[in-house]
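Here the structure comes first, spelled out in structure tokens, and everything after it is commentary.
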Ligand code: LRH
């Protein structure tokens, strides 16, 4: 049976990895060859702390990881890159003009109002189908326009498109990620030229769109030499928005499923054939992002494990040494009721002291503030589970799609307490795993492009379900509130 080896470059907000995928018609195996940290770098900008991605360090780690991948598997046939959405580089004649901003940077605040003065939120939703997030690329572009940097640029490249450009010399905008800019027409999936020009952006900034599965190009000779590869390797467009790749790898065998892609963020929703653009959908802040194979990822962003990781970072900064497994065990043993706060509150977006912000949120809403670290963690997980359950219920109600089971994929699928609490609050089975869904989705789309697996997303998902059997959490009936 033919079998191919491809490499997935999968960049998350807190870590990146290069993984090798071995794929055949009945085979799907993944092996990690490199892992490296990622995160915001705070920089002084005229007295304001601005947050950036250390993109050259990330790329250096990607090259080192790919060098290891080539050394271990000289027969590697393809490379695919995915990352978090919305963030980008501006270039002039191929030269990067500024270090890409991190979406948690708050520079878009004034730009949001300016932009909404040109196109009202309701009109934008009708055009792009996106939930309002202050960091959607269109607001960032408006901020760059106010700062004067946009006027210097002749090219806009989202992070995976930038890496593909550095690897191959080819500029392209992969559609799933481009859908998070706010500048695609939600109905056609093409750049919305009237909207782009109305917002005062130059249409020529935006490269041609490509679909996941298409070939972007081959490694540049300089990159071939850097990786010590024997010959140029193909670079394939995958669902380059990490969430799009994760949704490809949901091991669903029943079509009535919802998903929660849980890492730094919890992306909660369903897969649809077409967008939902109703007023109720906009009021619930649900997004219609582009999926692989033209599907729609109808979902809502919940803060996710960021609440927990940022709380731990605060405690560590105060000198406490934290062992996550111990903390989770203590949180599971908490028996007193804890505060269930709104995990969607925008005050949690920026980096900083999370426990203090959570306590303030509880006080403002008449909730008892968590007293101990264990209570704080339990409160975070209960609040996330509550937001997940509401997200699934809204997705189902607003789209009319029946949901009989819920898949949690990504790092959060390892958090047993979170999975159980989510099942309890939903009154539905939760199927947890795979942890590396994003890399698996990335690998599968490359493998299909190479002709080593064929078929629809459903067939790919069946292969995932056979290869990575999810763990099943059944709801504790007494807690079901529906
Ligand atoms: C998750 C994610 C999410 C976006 C956010 C910026 O990594 O891509 O889908 O909303 O990061």
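Quick note: the coordinates plus some simple rules give every number you see, no bench work behind them. Since the structure is predicted, the reported quantities are computational estimates derived from the model, not experimental observations. Every residue, glycine among them, receives a Cβ derived from its backbone with ideal geometry; neighbour counts consider all protein chains shown.
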Ratio of alpha-carbon Rg to the 2.2 N^0.38 Å globular estimate for region 360-468, to two decimals, please.
1.36
Residue 360 to residue 256: extension gain in nm, 0.36 nm per residue of separation minus the Cα-Cα distance?
33.6 nm
Kindly state, to the nearest 0.05, the FRET efficiency for residue 404 paired with residue 187, given R0 = 41 Å and r defined as their beta-carbon distance.
0.90
Length released on extending from residue 350 to residue 313, taking residue separation times 0.36 nm less the Cα-Cα span:
12.0 nm
Share of Cα-Cα pairs in region 21-83 lying beyond 16 Å, as whole percent:
59 percent
Determine, for 3, 300, 394, the number of other Cβ atoms within 10 Å of each Cβ, and report the residues in order from fewest to most.
3, 394, 300
Could you calculate, for the chain, the ratio of the Cα radius of gyration to the Kirkwood radius, expressed as Rg to Rh?
0.95
How large is the translational diffusion coefficient of region 106-261 in µm² per second when you combine the Kirkwood radius over alpha carbon pairs with Stokes-Einstein at 37 °C and 0.692 mPa s?
190 µm²/s
So what is the diffusion coefficient of region 137-191 in µm² per second by Stokes-Einstein at 37 °C and 0.692 mPa s, using a Kirkwood Rh over Cα pairs?
269 µm²/s
Extension length gain for residue 277 and residue 152 (0.36 nm per residue less Cα distance), in nm, is 41.5 nm
Taking alpha-carbon centroids only, region 10-74 lies from region 432-464 a number of Å equal to 20 Å
Nearest-0.05 FRET efficiency for residue 330 and residue 368 at R0 = 30 Å, using Cβ-Cβ distance, is 0.95
For region 255-373, what does the alpha-carbon gyration tensor say about shape, rounded, prolate or oblate, given a ≥ b ≥ c as the root eigenvalues, a/c under 1.5 as rounded, and a/b over b/c as prolate?
prolate
Over all directions, how big on average is the projection of the convex hull of the alpha-carbon atoms in region 170-302, in square nanometres?
10.7 nm²
Going by average Cβ neighbours within 10 Å, how do the peptides 84-97, 239-252, 176-189, 358-371 rank, with the highest at the top?
239-252, 176-189, 84-97, 358-371
What does a probe at residue 458 reach in region 248-286, counting residues whose amide N is under 18 Å from the point 7 Å along Cα→Cβ?
248-259, 270-274
Per-residue Cβ contact counts at 10 Å, fewest first, order 36, 341, 257 as 36, 257, 341
Mind ranking 438-447, 289-298 by how tightly packed they are, going by the mean number of other C-beta atoms within 10 angstrom, highest first?
438-447, 289-298
Going by Cα centres, region 194-225 and region 235-306 are how many Å apart?
23 Å
What does the highest-first list of 55-63, 306-314 look like by mean Cβ count within 10 Å?
306-314, 55-63
